[in-house]
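First the structure, in the form of structure tokens, and then the observations on it.
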Amino acid sequence: MSDSFWAPYITTFSDPGGVTRKAIYYANESLLAQSGEPQTRRNAVYLWNFNLSRWDNIYIHDYRRNKPYLGGTWGTIIEYDDVSWVFGTDGLKYRCKKDHTSSATTRPTSGANWSTYWVQDNNSTGWLVTNWLSGRIYYQKKYIKELGYANAQTYWTNDSGSGNSLLTDVYTTWDAPSPNWILFRRTPNYTYGMGNSTDE
């Protein structure tokens, strides 16, 4: 999506560490759309439009469940492409330095153009090193400044009523980032920031 699309949804705030960050306010909703067996449930995502002071629906998806809804899981996550590591024809480890679809010319170290796409690097701790394959998409390492979530809350409703609350340890778990990511800050079940670079 273009920068002009995102402009109304971006604001700035000071994170718990006192650093000014860009932020998007969003809501993720799951509702019963049609009862019966199986149920039809509706998942929707909304972004807060700062220009118009309203929630804009940007995603909606209906799906079927074979059993009544008794609970579920939801989490704040960061998804990313792993950097690719392969063994070269010389048996050494090579890290991808430019995204590409592999061919004979890009194979380290026998391909005519291999050095455009790969660099020899033994520091592969925490990454899976595989045998090189032709026709595969390989990814370079992405350098990402701190990303995360702040002020995450859940709105819930059931037969007893409804409410807004933080997610306590009773209901949530924390899956720490891989060793290739730095955890900059964390307030359990509320906020966290992580990345792999402090540079632009």
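Rounded if a/c is under 1.5, else prolate if a/b beats b/c, else oblate: with a ≥ b ≥ c from the C-alpha gyration tensor eigenvalues square-rooted, which is region 103-145? Taking the square roots of the gyration eigenvalues as a ≥ b ≥ c, region 103-145 is prolate.
For region 1-41, what does the alpha-carbon gyration tensor say about shape, rounded, prolate or oblate, given a ≥ b ≥ c as the root eigenvalues, a/c under 1.5 as rounded, and a/b over b/c as prolate? Cα axes put region 1-41 in the oblate bin.
Of the residues THR191, THR154, ranked by 1.4 Å probe accessible area with the largest first, the sequence reads THR154, THR191.
Rolling a 1.4 Å probe over the protein heavy atoms gives the chain an accessible area of 68 Å² per residue. Note on the chain: lysine pairs with Cα distance below 30 Å, sequence gap of 8 or more or different chains, count 14.
With the cut-off at under 20 Å, measuring from each backbone N in region 21-44 to a point 7 Å along the Cα-to-Cβ line of THR157 picks out 26-36, 39-44.
Per-residue surface analysis assigns ASP62 an accessible area of about 70 Å², computed on protein heavy atoms at 1.4 Å probe radius. The solvent-accessible area of TRP127, taken with every protein chain present and a 1.4 Å probe, is close to 50 Å².
Carbon and sulfur: what percent of region 1-53's accessible surface (1.4 Å probe)? List each step's numbers first, then the result.
Working: 1820 of 3490 Å².
After summing per-atom areas, the C and S share lands at 52 percent.
In this calculation the C-beta distance from ARG65 to TYR190 is compared with R0 = 41 Å, giving a FRET efficiency of 0.90. By a 1.4 Å probe calculation restricted to protein chains, LEU147 has an accessible surface near 80 Å², given to the nearest 10.
If you place +1 on the Cβ of every Lys and Arg and -1 on the Cβ of every Asp and Glu, how big does the dipole about the Cα centre of region 74-128 come out, in debye to the nearest 20? Can you show the working numbers first?
Values: 5 positive and 6 negative charges, 43 e Å.
I would put it at about 200 debye.
Using a 1.4 angstrom probe with every protein chain in place, what is the largest-first accessible-area order of ILE10, ILE77?
Working: ILE10 75, ILE77 100 Å².
Heavy-atom accessible area, descending, gives ILE77, ILE10.
The modelled label-to-label distance between ARG21 and ASN51, using points 7 Å beyond Cα along the C-beta direction, is 2.5 nm.
Note on the chain: with charges restricted to the Cβ of Lys and Arg (+1) and Asp and Glu (-1), its dipole about the Cα centre is near 300 debye.
What does the helix-only formula give at 222 nm for the chain: each DSSP H stretch with n ≥ 4 adding -39500 (n - 2.57), the total divided by the residues, and the result rounded to the nearest 500 deg cm²/dmol? Write down the numbers at each step before the final one.
On the way: 2 runs with 8 residues, N = 200.
The per-residue figure over the chain is -500 deg cm²/dmol.
To the nearest 0.05, what FRET efficiency results for GLN39 and LEU147 with a Förster distance of 30 Å applied to their C-beta separation? Could the numbers behind the result be given before it?
Details: r = 34 Å, r/R0 = 1.14.
Here the calculated transfer efficiency is 0.30.
With a 1.4 Å probe rolled over the protein heavy atoms of all chains, the accessible area of TRP118, TRP55 falls in the order TRP55, TRP118, largest first.
The values are calculated or read from the model by the stated rules, or taken from the named source; none is laboratory data. Fair warning: this is a prediction, and the values are worked out from it, not measured in the lab. For neighbour counting, all protein chains shown are included, and Cβ atoms are generated from backbone atoms with ideal geometry for every residue, glycine included. To get the accessible areas, we keep the full protein, side chains included, count just its heavy atoms, and leave off ligands, DNA and RNA. Shrake-Rupley method; radii C 1.70, N 1.55, O 1.52, S 1.80 Å.
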